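Written below as structure tokens is the structure these notes are about.
The values are calculated or read from the model by the stated rules, or taken from the named source; none is laboratory data. None of these values were measured; they are calculated from a predicted model. Backbone-built Cβ (ideal geometry, glycine too); neighbour counts: all protein chains shown. Calculation scope for accessible area: heavy atoms of the full protein, side chains included, ligands and nucleic acids excluded. Shrake-Rupley method; radii C 1.70, N 1.55, O 1.52, S 1.80 Å.
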Amino acid sequence: SLGFQDVLSHGRTSPVTSYKKLQGWSSDQNKWNEKLYPFWEEGDPRWKDCWKGGRVTAKLYTDSPALVGSNVTFVVTLQFPKCQKEDNDGNIIYERNCTQDPPASQDQQVYVYNWTEWIDNCGWENCTSNHSHNVFPDGRPFPHYPGWRRRNFVYVFHTFGQYYQTRGRSSATLSVNTANITLGKHVMAVSVYRRGHSAYIPIATASAIYIVTDKIPVFVSMFQKHDRNISDSIFIKDSPITFDVKIHDPSYYLNNSAISYKWNFGDGSGLFVASSSTTSHTYTLQGNFTLNLTVQAIIPVPCRPVTPTAPLPTSAVTTGESSSSDSSTTVQSMEDNPDGGCHIYRNGYYRTGISVVEGILEVNIIQMTSIQMTESQAENSLVDFVVTCQGSLPTDVCTVVSDPTCQVSKSMVCNPIDVTDECLLTIRRAFEEPGTYCINITLGDDTSQALASALISVNGGSSSGSTEGVFIFLGLLAVFAVIGAFVLYKRYKQYKPIERSAGQAENQEGLTAYFSNFKAIFFPSSTERNPLLKSKPGIV
């Protein structure tokens, strides 16, 4: 006669060894009821007829890797043939309007398997074979809970030399505590049977690899404001990088633990210990660096007595039918418990290489000029934007014109540029209609990009009229605007003010507004006083 190991190994051979008992699981050396649950080898022609309308497949997913002592969860989902689905009663029905070739009979247009009718006709209490049907492959009776008769599939899970049986609908969830599972890779297999008239019919098998580890699974995501590609591990000098640590703990095993994060950024800045999972660091030098992170969790557990005692069972199983679990006690060693057994110490490690380069740190639009046009060009308004940047020299420029809220994009133009000396260029853009627009100008190179935004008001384009632009930097606080205007007036009072009367506007061919960089005003030693007077940029 067949045993569970013969049926559930799926061709895998494993030596008979002693395994630690998983709570709620049974040894796969038990006998399998082959009469009620027939076993078919892979390739058996009976698989083709085990389901109406095609072959059912099973997908088994796991949230592995799992820290030893935590729970690892498995989800198996059945995928039915095209145009079939499970209804609220657990029956399998054809989806309406799914195919142009409807089933032949009226009954087939509704049901693939009408298990509700089977239950109502037989009652599964009045049938003579009832006592033999309502059992698992090892002969144990089905648990009676609300709606148990509507679960028409039997799932048998197998791992670590043991099996677990449960009933469900088109999906089933199983959680296993890993305290009694050895470290390393293991295989979880599942066999799925459907309800039949006189027996249960095998319809699908699946397996998945899961990992149990004593190292905390850790991943670090990195973000930098001007970084062009966050996945290439290339970052910009003198710009802070935000590091966000993600601990893989889907069963919340570490919820009550004290967790610390020890950083070594590899640039000679020393060690940094934090209690928060998020931190930031600025690299001030270019080059290649190695980031090292150690995450330590101090996990509280029931204190052990002074005298050694045999370990208690420490694993549990939970399914969709039962929420009972016990994931608080684990097997410890003296290395895990330096304080005498009231805590477990677990570490996780993360290491990666980082390249730091010179990048574009800041973009400023320092001038906007409306361009006088001929009668043939009167339908468009041309505006020149003079742009500067700090950091490395850009290789491309993109201009996005949006509505005044900066939410709805109207047009985008990108051009390659060749800047060899200093970051100073003029960008000319056309506006077909008068109105107020949001302008986003982005300068970029291979590794970085920076953005400057502004609002501009355009009033028509003609040689006899005028184009008046009002240029507003987004994000400026009112107090800086007042201070800046005062300093501008004191230092550049020879320039004409932007605001003009209606009479003055009529006598002008166009309007040019100059805007100085506020950083250059408050810190004149860092930049030229007026770079526009030193060089004449080309037009993009």
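All of T182, T173 fail the test of being farther than 16 Å from G90 by Cα, part of a loop (DSSP other than H, G, I, E, B) and of a type in the set (S, T, N, Q), apart from T182.
Just so you know, in the range 261-289 the residues that are closer than 15 Å to F219 by Cα and open to solvent by less than 60 Å² (accessible area, probe 1.4 Å) include one that is farthest from the chain's Cα centre (by Cα), and it is W263. Once the range 340-362 is narrowed to residues that are at pLDDT 90 or above and open to solvent by less than 20 Å² (accessible area, probe 1.4 Å), the residue that is farthest from Q390 (Cα to Cα) is I344. Yes or no: S231 among the polar types (S, T, N, Q) and without any contact (Cβ under 8 Å) to a residue 24 or more places away in the chain? Against the criterion (among the polar types (S, T, N, Q) and without any contact (Cβ under 8 Å) to a residue 24 or more places away in the chain), S231 qualifies. Scanning the range 219-250 for residues that are within 27 Å of I298 (Cβ to Cβ) and either open to solvent by less than 10 Å² (accessible area, probe 1.4 Å) or out of contact with any Lys or Arg (no Cβ under 7 Å at 6 or more places or on another chain) (or both) returns V220, M222, T242, F243, D244, V245, K246, I247, H248, D249, P250. Can you confirm whether V220 is part of a strand (DSSP E or B) and more than 30 Å from I360 (Cβ to Cβ)? Criteria not met by V220. Screening T290 against (1) under 25 Å from K225 (Cα atoms); (2) modelled with pLDDT under 95; (3) hydroxyl-bearing (S, T, Y) leaves a single unmet condition, (2).
With respect to V176, determine if the residue is in the same structural domain as Y61 (by the TED database), surrounded by 18 or more Cβ atoms within 10 Å (Cβ to Cβ), closer than 30 Å to N114 by Cβ and not polar (S, T, N, Q). Here the answer is no, as V176 does not meet what is asked.
So that you can scan it fast, the table gives a plain yes or no per residue for (1) basic (K, R); (2) under 22 Å from V110 (Cα atoms); (3) open to solvent by less than 80 Å² (accessible area, probe 1.4 Å):
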position	(1), (2), (3)
D28	no, no, yes
F39	no, no, yes
R55	yes, yes, no
A58	no, no, yes
Y61	no, no, no
A66	no, no, yes
S70	no, no, yes
T77	no, no, yes
E86	no, yes, yes
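Pairs meeting the criteria (first residue in the range 39-56 and within 15 Å of A199 (Cβ to Cβ), second residue assigned to a helix (DSSP H, G or I) and of a type in the set (D, E), beta carbons under 8 Å, at least 6 apart or on different chains) are F39/D6. Residues in the range 420-432 that are within 16 Å of N364 (Cα to Cα), of a type outside the set (D, E, K, R) and out of contact with any helix residue (DSSP H, G or I) (no Cβ under 9 Å at 6 or more places or on another chain): C423, L425, T426, I427. For the range 185-204, the tally of residues that are outside any loop (DSSP other than H, G, I, E, B) and open to solvent by 50 Å² or more (accessible area, probe 1.4 Å) stands at 2.
Would you mind listing the strands (runs of 3 or more DSSP E) fully within the range 368-443 where at least 1 residues are farther than 19 Å from V540 by Cβ and not assigned by the TED database to the domain that holds K237?
Ranges flagged: 396-402, 409-416.
Taken as a whole, the structure places T309 among residues that are over 30 Å from T73 (Cβ atoms), exposed (fewer than 14 other Cβ atoms within 10 Å of the Cβ), modelled with pLDDT under 85 and out of contact with any strand residue (DSSP E or B) (no Cβ under 8 Å at 6 or more places or on another chain). Can you name the residue in the range 205-217 that is in a strand (DSSP E or B) and aliphatic (A, V, I, L, M) and is also surrounded by the fewest Cβ atoms within 10 Å (Cβ to Cβ) among such residues? Ranking the qualifying residues of the range 205-217, first place goes to I209. Taking the criterion of being buried (at least 19 other Cβ atoms within 10 Å of the Cβ) and part of a loop (DSSP other than H, G, I, E, B), the residues of the range 134-169 that qualify are F136, P137, R151, N152, F160, G161. Scanning the range 210-232 for residues that are among the hydroxyl-bearing types (S, T, Y) and under 24 Å from V273 (Cβ atoms) gives T213, S221.
Would you say P65 is touching a His at 6+ places or on another chain (Cβ under 8 Å) and at pLDDT 90 or above? When the stated conditions are applied, P65 passes them. Looking across the range 28-43, the residues that are more than 18 Å from F153 (Cβ to Cβ), touching a strand residue (DSSP E or B) at 6+ places or on another chain (Cβ under 9 Å) and at pLDDT 90 or above come down to D28, Q29, N30, K31.
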